[in-house]
Number of protein chains: 2
Amino acid sequence: MATGRTHRPATRSRGIPEATVARLPLYLRALTALSERSVPTVSSEELATAAGVNSAKLRKDFSYLGSYGTRGVGYDVEYLVYQISRELGLTQDWPVVIVGIGNLGAALANYGGFASRGFRVAALIDADPAMAGKPVAGLPVRHTDELESIITDNGVSIGVIATPAGAAQQVCDRLVAAGVTSILNFAPTVLSVPEGVDVRKVDLSIELQILAFHEQRKAGEETTSAQEPAAAVQPRSSAAARTPAAGRAAGKGPDGDVPAVMPA
Amino acid sequence: MATGRTHRPATRSRGIPEATVARLPLYLRALTALSERSVPTVSSEELATAAGVNSAKLRKDFSYLGSYGTRGVGYDVEYLVYQISRELGLTQDWPVVIVGIGNLGAALANYGGFASRGFRVAALIDADPAMAGKPVAGLPVRHTDELESIITDNGVSIGVIATPAGAAQQVCDRLVAAGVTSILNFAPTVLSVPEGVDVRKVDLSIELQILAFHEQRKAGEETTSAQEPAAAVQPRSSAAARTPAAGRAAGKGPDGDVPAVMPA
DNA sequence: AAGTGTGAAGCTGTTCACAGCA
DNA sequence: TGCTGTGAACAGCTTCACACTT
């Protein structure tokens, strides 16, 4: 979720809805796969299925980009790949730095999805002097002292923060001061940035918590379920292994008790 | 309205808006920090700032949980921590399995945010026989052959997929068949699952692409047009030939390029 | 006086359904 | 005929503003 408030004043829109922007990479991936199989054209229906959305939404999304399809036929795969890439800014090279080369940082450095879409890892940066010079994913880790010069020398405008939560804001401030205007934050903290800087957050623990919420809900409704779609796999055998969520009575206990939850 | 009494809203309706659910973990984290500093109460304004949202939204969100605040005072920190934890289902233990112990899988296994919120890593699973038995984050990696028995024996209902894209669907099918009903997918693929199974996706490359989109726009705004053609490639002649293209950005890099994009 | 809880207004995003074009 | 492109209806989320409570 982007935190940094930004973007134009509503008027004079040339704007593509944010929700649409978020789906373009999805379409691009599906189109790339088709392109590799040399499929020349696709219908909105086929592409939508491949991307995991419904066709009306896909057509609407594409309508914001322009009229790139052919009625009665569909979309030209190669052409669409190009148009979406261009719209997303992937036809240019984006140097990025990854700060915090722990388990996650190393995983990111090795992640093929970055390099394959116009993102080039310009440098890996870590605060631990012992890490300096050590090669990770083929690049030598640089020390935090060099952060500013690396940003400047490489014209980096996108930074990835994979440090512990405690160091994130400080790293963020330095990145921004050095010229970075887009940040992908993996640290479990809310970053505050000046206007004009975009922040997107990826929080592993939050995703799991959202799943737990729905999981809990399912457990509490098992009594009512009866219908099972044909193709469904066998409805499971031992859901009982885990506590069936008990009816969370919720008598609304008086006050604080049962903390059980810890920091993250 | 949600009165906090019964958890059965008469109809099979959602109850708490999805957008609200997605923010609860955020509030929880902020509250936990306050709790550690022994702060007894907070106002919606303070808590909202700490969580990075605005206060009206926060109050609205909390109103779906019930009336847990005190007018003129604010919210009791401990009590709220408990209520949100309960609502999210974090007062119970959730065993999870992580499948695919590569860079990312290992990073996830080591991620403290899991264990600290009721999520217990029941097992690490990988298809590589050479990995079997090797300890990662204190747990021995188990071979994929054992997947089903691990799920069943531990009553696992949440699975994390961190395999390469090509293996994801197959792993997903096996997890679901074994009884998993919630999946957190890190592989860059659309997973298809039977009704009743929840899938959440975390896609590193997509996040970067979204940032690139906004970054590109910022650059274009600085000086009316005047874009630096970083590394535009050539356009597919066939593509350019078949469409009226029309509108917008036309000019641009004369034509476009196409690929440079790869699978992930 | 301070701050929650919430109708109501306003937005954004999704779905429908069909006109229009190849 | 087949499928895109899109106005219009709909649904969900956010923001406003203020009545109400402590």
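For this structure, a couple of remarks:
- Residue within segment B:77-86 that is assigned to a helix (DSSP H, G or I), open to solvent by 10 Å² or more (accessible area, probe 1.4 Å) and of a type in the set (K, R) present: yes
- Among the candidates B:V39, B:V21, residue that is assigned to a helix (DSSP H, G or I) and β-branched (V, I, T): B:V21
- Count - residues of segment A:92-118 that are surrounded by fewer than 24 Cβ atoms within 10 Å (Cβ to Cβ), more than 27 Å from A:G166 (Cα to Cα) and at the interface with another protein chain (Cβ under 7 Å from one of its Cβ atoms): 6
- Within segment B:119-137, the set of residues being in contact with a Pro (Cβ under 9 Å, 6 or more places away or on another chain), over 13 Å from B:V180 (Cβ atoms) and open to solvent by less than 30 Å² (accessible area, probe 1.4 Å) comprises B:F119, B:L124.
- Segment A:2-37, subset touching an Asp or Glu at 6+ places or on another chain (Cβ under 7 Å) and at pLDDT below 95, residue least open to solvent (accessible area, probe 1.4 Å): A:G4
- Complete set of residues in segment B:99-109 that are under 17 Å from the mean Cα position of the chain (by Cα) and either in a loop (DSSP other than H, G, I, E, B) or touching a residue at least 24 places away in the same chain (Cβ under 8 Å) (or both): B:V99, B:L104, B:G105, B:L108, B:A109
- Subset of segment A:125-148 [closer than 25 Å to A:G89 by Cβ and more than 13 Å from chain B (Cβ to nearest Cβ)]: A:I125, A:L139, A:L147, A:E148
- Number of the condition not met by B:S205 [criteria: (1) hydroxyl-bearing (S, T, Y); (2) open to solvent by 10 Å² or more (accessible area, probe 1.4 Å); (3) facing another protein chain (nearest Cβ under 7 Å)]: (2)
- Every pair of residues 6+ apart whose Cβ atoms lie under 9 Å, when the first sits in segment A:52-74 and is near DNA strand C (Cβ under 7 Å from one of its atoms) while the second is at pLDDT below 95: A:T70/B:R242; A:T70/B:T243
- Within segment A:45-69, the set of residues being within 6 Å of DNA strand D (Cβ to nearest atom) and within 13 Å of chain B (Cβ to nearest Cβ) comprises A:F62, A:S63, A:S67, A:Y68, A:G69.
- Restricting attention to segment A:19-38 and to residues that are more than 7 Å from every other protein chain (Cβ to nearest Cβ) and under 16 Å from A:S63 (Cβ atoms), the residue that is nearest to the chain's Cα centre (by Cα) turns out to be A:R23.
- Residue check for A:K134: within 16 Å of DNA strand D (Cβ to nearest atom) and basic (K, R): no
- Residue, surrounded by the most Cβ atoms within 10 Å (Cβ to Cβ), within segment B:138-179, restricted to residues that are among the polar types (S, T, N, Q) and over 22 Å from the mean Cα position of the chain (by Cα): B:T144
- Residues that are facing chain A (nearest Cβ under 9 Å) and hydroxyl-bearing (S, T, Y) were ranked within segment B:161-189; the one that is nearest to B:D203 (Cα to Cα) is B:T189.
- Across segment B:38-51, the number of residues qualifying as of a type outside the set (S, T, N, Q), in contact with a helix residue (DSSP H, G or I) (Cβ under 7 Å, 6 or more places away or on another chain) and either open to solvent by 40 Å² or more (accessible area, probe 1.4 Å) or without any contact (Cβ under 8 Å) to a residue 24 or more places away in the chain (or both) comes to 4.
The values are calculated or read from the model by the stated rules, or taken from the named source; none is laboratory data. Keep in mind it's a predicted model, so treat the numbers as computed, not measured. Glycine also receives a Cβ, built like all others from the backbone with ideal geometry; neighbour counts cover every protein chain displayed. Only protein heavy atoms, including side chains, enter the accessible area calculation; ligands, DNA and RNA are left aside. Shrake-Rupley method; radii C 1.70, N 1.55, O 1.52, S 1.80 Å.
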